[in-house]
Amino acid sequence: MATMAKPAFAENGSLLDGGIDLNMEQGMAEHLKDVILLTAIVQVLSTLSFYFWYLWLLAPARAVQLLWTNFLGPWFSAESSAPAEEVNEKKQKRQERRQMKRF
């Protein structure tokens, strides 16, 4: 973990990579920290029983859950805006016709 947090510098002294802060609450560092903790827990518990290796299935399950809540779910449940625009255009034309009839 120390190598992930270590910054990388170029030959001229400019910063190439600032490293990863595992205490960040947002971004990839949070998920990386979760995977590291899951690995440590699985390794310790697997000394007791072989079946604790199945806890590794939590990682892809969490990835699928994040994929669904952040990308796929909103995409599938989003209403298409094209028919709504057509309805608005139709309503607008009707209102214009009514106004023209009044004058």
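The values are calculated or read from the model by the stated rules, or taken from the named source; none is laboratory data. All of these numbers come straight from a predicted model, not from anything done at the bench. Note: ideal-geometry Cβ built from the backbone for every residue, glycine included; neighbour counts use all protein chains shown.
Remarks
- Flag for residue 38 being at pLDDT 90 or above and within 22 Å of the chain's Cα centre (by Cα): yes
- Pair list, Cβ under 9 Å, 6 or more apart: region 12-31 residue within 19 Å of residue 2 (Cβ to Cβ) and free of Cβ contacts under 8 Å to residues at least 24 places away in the same chain, other residue of a type in the set (S, T, N, Q) and part of a loop (DSSP other than H, G, I, E, B): 29/23
- Residue list for region 25-35, filter: among the hydrophobic types (A, V, I, L, M, F, W, C) and over 14 Å from the mean Cα position of the chain (by Cα): 35
- Residue check, residue 69 assigned to a helix (DSSP H, G or I), within 23 Å of residue 3 (Cβ to Cβ), at pLDDT 85 or above and of a type in the set (Ser, Thr, Tyr): no
- Any hit, region 72-87, residues being in a helix (DSSP H, G or I), at pLDDT below 80, among the acidic types (Asp, Glu) and farther than 24 Å from residue 23 by Cβ: yes
- Taken over region 1-56, the residue count meeting the criterion of being in a helix (DSSP H, G or I), small (Gly, Ala, Ser) and loosely packed, with under 12 Cβ neighbours inside 10 Å is 2.
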